[in-house]
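Shown next, in structure tokens, is the structure this report addresses.
The values are calculated or read from the model by the stated rules, or taken from the named source; none is laboratory data. Please read these numbers as outputs of a predicted model, since none were measured by experiment. Every residue, glycine as well, gets a Cβ built from its backbone with ideal geometry; the counts of neighbours run over all protein chains shown. The protein model used for the area step is the full one, side chains on, heavy atoms only, and it has no ligands, DNA or RNA in it. Shrake-Rupley method; radii C 1.70, N 1.55, O 1.52, S 1.80 Å.
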Amino acid sequence: MLVASVLSLKGGVGKTTVALGLASAAAQRGVRTVLVDLDPQANLTATLVPDHDASAAPTGGLTTIAEVLADPRRKVVRKALRPSAWSGRLQVLVGSEHAETHNHPDPGSKRLSRLATAIEKLPGGTELVIIDCPPSLGQLTRSALVASDRAVLVTEPSLYAVTGVQRALEAVQAERAAHQRGLQPLGVVVNRMRPRSVEHEYRLAELHELFGPLVLRPILPDRAAIQQAQGAAVPIHQWPSPGAKEIAGMFDALLDRLLRAGDRRRVRPVPIATVAVPDPV
Ligand SMILES: Nc1ncnc2c1ncn2[C@@H]1O[C@H](COP(=O)(O)OP(=O)(O)OP(=O)(O)O)[C@@H](O)[C@H]1O
Ligand SMILES: [Mg+2]
């Protein structure tokens, strides 16, 4: 199982769009995937589980990510897991406004490891977990990093992109050093690129100069098809327009990159003591 967080320092740059695009690609390919909606806005859940009420009172008996973060036992995790409207192989740990109560500024390692504990309780056979983070580097995003093998940083090619990516990378390094040695940045997804924008070209060049190969390809363009598919809550792979087809292919490439990272992660050096010595013939 590979766990990836989608994060950014800034709001509205496309984290949920990237999480949904990867989910659409995974559904298309039949990869058993769990989406974790860690954002109290719960936009991802609204798209994938339209009948879920993310504003319901915590006392109402509905189990969500907020209850999971308070008590990450197997039975709570399983109750918060809902089938998605997109595919039988795609499930969602549903979001809640009340997840905000778990966004402590200085949480301590016990709180930070609760999501990792919950993810261990997901059904066997889960191949990929994608965590959609809120737009801040508080407890929720940090706990996503503690639970993750890979961090997908999202930015627009705008004025503060470089400093935003820099700070997000520092957050990844800090969690790696403190809690999760296996965590690595997958890279930076540049989203909403307008090809004829001089400003965007300039900012993209700046990102390439500073972060080199960490800037992932393809760069995602600004396309109406993304908003149209999201508005209709339809996977981008099923939205009938040439623009959507192009974007779907880009998410296929990003999913490939993510799954390749998972393959590499599984190839670990075999400890010398366990290497079998063949019998003499
Ligand atoms: N490449 C794109 N082309 C066109 N519209 C886009 C693109 N990426 C994102 N958008 C639109 O921008 C808006 C914000 O995107 P999204 O919700 O994915 O950002 P976010 O980073 O998850 O926001 P938040 O920080 O509030 O969670 C949405 O309406 C989405 O449809
Ligand atoms: Mg979002």
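For the range 1-61, the fraction of 1.4 Å probe accessible surface lying on carbon and sulfur atoms is 48 percent.
Of the accessible area of the range 176-231, computed with a 1.4 Å probe over protein heavy atoms only, carbon and sulfur atoms account for 49 percent. I need the shape label for the range 150-245. Rule: rounded when a/c is under 1.5, else prolate if a/b > b/c, else oblate, with a, b, c from the alpha carbon gyration tensor. Oblate, since a/c reaches 1.5 and b/c is not below a/b. For the range 66-128, the direction-averaged projected area of the alpha-carbon convex hull comes to 4.8 nm². At q = 0.07, 0.08, 0.17 Å⁻¹, what base-10 log of I(q)/I(0) does the Debye formula yield for the range 2-265 when every alpha carbon is treated as an equal point scatterer in vacuo? Scattering profile of the range 2-265, log10 relative to I(0): -0.22, -0.28, -1.37.
Each DSSP beta bridge with both residues in the chain is either parallel or antiparallel, and the antiparallel ones are about 10%. DSSP beta bridges fully contained in the range 1-158 are about 15 percent antiparallel.
When the charge dipole of the range 2-265 is built from unit charges on Cβ atoms (+1 for Lys and Arg, -1 for Asp and Glu) and taken about the Cα centre, the candidate among Ala66, Val18, Gly125 whose Cα reaches farthest toward its positive end is Gly125. Modelled spin labels at Ser241 and His208, positioned 7 Å past Cα toward Cβ, are 2.8 nm from each other. For the cross-link pairs Lys10/Lys75; Lys10/Lys121; Lys15/Lys110; Lys15/Lys245; Lys15/Lys121; Lys10/Lys110, the ones whose C-alpha atoms lie over 29 Å apart are Lys10/Lys75; Lys10/Lys121. The mean accessible area for residues of the chain, using a 1.4 Å probe and ignoring ligands and nucleic acids, is 47 Å² per residue.
Think of it as helices only: each DSSP H run of n ≥ 4 in the chain is worth -39500 (n - 2.57), and spread over all residues that comes to -13000 deg cm²/dmol at 222 nm. Scalar couplings 3J(HN,Hα) for the range 207-213, obtained by applying the Karplus form with A = 6.51, B = -1.76, C = 1.60 to θ = phi - 60°, are 5, 4, 4, 7, 10, x, x Hz; x denotes Gly and Pro.
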